[in-house]
Amino acid sequence: MTNYVTRKLLNGFIFAFVLSFAFTPVLYAQIDEIIVTARKRDENLQEVPIAITALSAQTIEERQLFTVGEVAQYVPNLQHSASAAGVASSATFSIRGIGQLDFITTTDSGVGVYLDGVYLARVQGSALDLADVERVEVLRGPQGTLFGRNTIGGAVSVVTRKPSGEFGVRGHLTVGNNARVQGRAIVDVPLIDGVLAGKFTVVSKTSDGFGRDIEPLGGQGNLGEDDDIAGRAQFLWTPSDRAEFNFAVEYSDRSGTALPQARIFFDKNTA
């Protein structure tokens, strides 16, 4: 009799224990709202009917992404490669197998690259540094209706941060192998309170490269060297609550060497 009562009490305790978990409210992790402009207006990423991947500024910082080409590591169907020209400032993109590897000026790419809505027509200069960006949007599939020609594969859109109108200074310094020193400095300044704000960004990168040219015909130099400096001045003018104008001026000087590439030498005397 005692064992029977004990089993009944034990079963009742287990039932009550399980029942308490069954009715415990479940707490779900809240998804941060990401605003994108893939359709030329501000929209929640979750409500845009486009195959799109957006990386916020926080994600870019956490994953230590320094150039737009490195975004391809985290975006499905996006491939990035250095231009066949071997120049560090050039980059080619392919989305779902559609792209363009040729670097001549008369050839259009199948994937459009945009900086604050401005189309970069050639692969030269498209290897953008992510110095002070708000987000990077990658749109997969034809985007000709909204972005125009040369977007049959998709589009890569880089959106920079606008001046905040409040004074602030930010900086970042990276030191690595092969004498790599990379840094950036950003200064936000209010020029006319509530009307005109400015932002100034300076980016610098130097390194000894990661390859050596062993060409027997006079190479003998480091490959992949970096000797870059760039600057950007941005001004935000808001004459009223219903109008704003964004002006930007950029300067870039890249004096590095070509990237390492495979070469085939042909000797006519032994052919």
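The values are calculated or read from the model by the stated rules, or taken from the named source; none is laboratory data. Model, not experiment: these values are computed from the prediction. Positions of Cβ are backbone-derived with ideal geometry, glycine not excepted, and every protein chain shown enters the neighbour counts.
What are the residues in segment 197-211 that are in contact with a Leu (Cβ under 7 Å, 6 or more places away or on another chain) and at pLDDT 90 or above, if any? Steps first, answer last, please.
Looking only at segment 197-211, we keep the residues that are in contact with a Leu (Cβ under 7 Å, 6 or more places away or on another chain), and these are 197-198, 209, 211.
Answer for segment 197-211, where residues must be in contact with a Leu (Cβ under 7 Å, 6 or more places away or on another chain) and at pLDDT 90 or above: 197, 198.
Which residue out of 63, 149 is surrounded by fewer than 18 Cβ atoms within 10 Å (Cβ to Cβ) and either among the β-branched types (Val, Ile, Thr) or over 30 Å from residue 202 (Cβ atoms) (or both)? Don't jump to the end; show me each part of the working.
Numbers: 63 fails: either among the β-branched types (Val, Ile, Thr) or over 30 Å from residue 202 (Cβ atoms) (or both).
149 is the lone residue from the list that is surrounded by fewer than 18 Cβ atoms within 10 Å (Cβ to Cβ) and either among the β-branched types (Val, Ile, Thr) or over 30 Å from residue 202 (Cβ atoms) (or both).
Determine, yes or no, whether residue 66 is at pLDDT 75 or above and not small (Gly, Ala, Ser). It would help to see each step written out before you state the result.
Numbers: at pLDDT 75 or above: yes; not small (Gly, Ala, Ser): yes.
Judged against the criteria, residue 66 is a match.
Within segment 152-176, count every residue that is among the polar types (S, T, N, Q), loosely packed, with under 15 Cβ neighbours inside 10 Å and out of contact with any Lys or Arg (no Cβ under 8 Å at 6 or more places or on another chain). Can you show your working first?
Here is the first cut: in segment 152-176, the residues among the polar types (S, T, N, Q) are 157, 160, 164, 174.
Filter once more, keeping what is loosely packed, with under 15 Cβ neighbours inside 10 Å: 164, 174.
This time we only want the ones that are out of contact with any Lys or Arg (no Cβ under 8 Å at 6 or more places or on another chain), so: none.
Count: 0.
Does segment 44-59 hold any residues that are surrounded by 10 or more Cβ atoms within 10 Å (Cβ to Cβ) and either hydrophobic (A, V, I, L, M, F, W, C) or not in a helix (DSSP H, G or I) (or both), and which are they?
Applying the first criterion (surrounded by 10 or more Cβ atoms within 10 Å (Cβ to Cβ)) to segment 44-59 yields 44-45, 48, 50-59.
Across segment 44-59, the qualifying residues are 44, 45, 48, 50, 51, 52, 53, 54, 55, 56, 57.
So which of 127, 155, 131 ends up being of a type in the set (A, V, I, L, M), farther than 25 Å from residue 35 by Cβ and out of contact with any His (no Cβ under 6 Å at 6 or more places or on another chain)? Reasoning before the result, please.
On the way: 155 fails: farther than 25 Å from residue 35 by Cβ; 131 fails: farther than 25 Å from residue 35 by Cβ.
Just one listed residue meets the conditions, 127.
Looking at (1) over 18 Å from residue 72 (Cβ atoms); (2) out of contact with any Lys or Arg (no Cβ under 9 Å at 6 or more places or on another chain); (3) in contact (Cβ under 8 Å) with a residue 40 or more places away in the chain, which is the only condition residue 132 fails?
If we test residue 132 against (1) over 18 Å from residue 72 (Cβ atoms); (2) out of contact with any Lys or Arg (no Cβ under 9 Å at 6 or more places or on another chain); (3) in contact (Cβ under 8 Å) with a residue 40 or more places away in the chain, just (2) comes out false.
Which numbered condition in (1) of a type in the set (S, T, N, Q); (2) more than 24 Å from residue 126 (Cβ to Cβ); (3) surrounded by 14 or more Cβ atoms within 10 Å (Cβ to Cβ); (4) at pLDDT below 90 is the only one that residue 238 fails?
Among (1) of a type in the set (S, T, N, Q); (2) more than 24 Å from residue 126 (Cβ to Cβ); (3) surrounded by 14 or more Cβ atoms within 10 Å (Cβ to Cβ); (4) at pLDDT below 90, the lone unmet condition for residue 238 is (4).
Check 224, 141, 231 and return the single one that is surrounded by 14 or more Cβ atoms within 10 Å (Cβ to Cβ), over 20 Å from residue 40 (Cα atoms) and in contact (Cβ under 8 Å) with a residue 60 or more places away in the chain.
224
Might you check whether a residue that is assigned to a strand (DSSP E or B), among the aliphatic types (A, V, I, L, M) and modelled with pLDDT under 90 occurs anywhere in segment 212-220? Even if it seems obvious, please write down each step before you answer.
So the first thing to find is which residues in segment 212-220 are assigned to a strand (DSSP E or B), and the list is 212.
Among the residues that remain, those that are also among the aliphatic types (A, V, I, L, M) are: none.
So far as segment 212-220 goes, no, none of its residues is assigned to a strand (DSSP E or B), among the aliphatic types (A, V, I, L, M) and modelled with pLDDT under 90.
Just a yes or no: is a residue in segment 14-36 buried (at least 16 other Cβ atoms within 10 Å of the Cβ) and either closer than 23 Å to residue 150 by Cα or modelled with pLDDT under 55 (or both)? Spell out the reasoning first.
Taking segment 14-36 and keeping what is buried (at least 16 other Cβ atoms within 10 Å of the Cβ), we get 34, 36.
With either closer than 23 Å to residue 150 by Cα or modelled with pLDDT under 55 (or both) added as a condition, the list becomes 36.
Yes, the conditions are met somewhere in segment 14-36.
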